[in-house]
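The values are calculated or read from the model by the stated rules, or taken from the named source; none is laboratory data. Note that the coordinates shown come from a computational prediction; the quantities given were computed from them, not determined experimentally. Cβ placement follows ideal geometry from the backbone for every residue including glycine, while neighbour counts extend to all protein chains displayed.
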Amino acid sequence: MFLAGILRRLRGFSTPPQIPDALWRATLSALPFLARLSAEDTERLKRLSERFLAEKEFTGAGGLEITDAICVSIAAQACLPILNLGIAYYDGWVGIVVYPDEFVVPRVTVDESGVAHEYDDVASGEAWEGGPVVVSWGDAKMAGDGYNVVIHEFAHKLDMRDGRIDGVPPLPPDIPVEEWEDALLAAFDEFQTFAVVASGACESGEPDGFDDYAATNPEEFFAVMSEAFFEAPKLLRGEFPALYALFTRFYRQDPARADTATLKE
């Protein structure tokens, strides 16, 4: 096993393990949305994924045995958003927990009267502030056509870097917070309107191809639209052009343009 033994011994060393070429080719074939990357960017993604694997620790849950294919697939998808940002964007935590399928998360909510209600929530992924990312491998294998649980949860990790999860990740100096909030909330309000129209059995105004979960709150909207940015970029650009333009500046990628991922400075 490439990762099961060697990676544990190399963790913390300056030289990360190399992903075997055959495994990398198989990973790319299973994730066709990566085909838009140039040869140079594909190689950079591989090197970044190797560093990611050296710094993170995978744990199987629910009886799942962690394999090389699982680790490399998740690493490649997780590293795509930070391709031009750098591995430091995932500093401060190490754990990745992988379930074979959806998993149950105990929840507690408090109503307006102050009464606590406990319930079990079925989830395909979850990101904990300062803690691990948890994903369903069954859902991770469904990557494509705008649905990507790995990118979704790692977008939450980017959002959490400033200690808040609100749909506003730490921004570069050239993106004012006000500009980000205006564009994100305008698109979110528009999407919520679409969701309301759809729930009224009139779907003429609903943007096809987006997960309705995006209507939950701005932080989930950011995560779902990040999925779309990397997997269905032309759809996102067509429906929410201002938000798409802002994402290109934040992620420093323009996936709707064929054969190019990197925005030159």
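Considered as a group, the residues in the stretch 31-59 that are touching a strand residue (DSSP E or B) at 6+ places or on another chain (Cβ under 9 Å) and assigned to a helix (DSSP H, G or I) include one that is nearest to Tyr89 (Cα to Cα), and that residue is Arg44. Residues in the stretch 145-171 that are over 19 Å from Tyr244 (Cβ atoms) and not in a helix (DSSP H, G or I): Gly163, Arg164, Ile165, Asp166, Pro170.
Looking for something among the polar types (S, T, N, Q), modelled with pLDDT of 70 or more and closer than 20 Å to Phe229 by Cα - is there at least one such residue anywhere in the stretch 130-138? No, every residue in the stretch 130-138 fails to be among the polar types (S, T, N, Q), modelled with pLDDT of 70 or more and closer than 20 Å to Phe229 by Cα.
Looking only at the stretch 81-100, decide whether some residue is assigned to a strand (DSSP E or B) and either at positive phi or modelled with pLDDT under 90 (or both). Can you show your working first?
First, pick out the residues of the stretch 81-100 that are assigned to a strand (DSSP E or B): 95-99.
From what is left, the residues that are either at positive phi or modelled with pLDDT under 90 (or both) are none.
There is no residue in the stretch 81-100 that is assigned to a strand (DSSP E or B) and either at positive phi or modelled with pLDDT under 90 (or both).
Scanning the stretch 172-193 for residues that are surrounded by fewer than 19 Cβ atoms within 10 Å (Cβ to Cβ) and in a helix (DSSP H, G or I) yields Val177, Glu178, Glu179, Glu181, Asp182, Leu185, Ala186, Asp189, Glu190, Gln192, Thr193.
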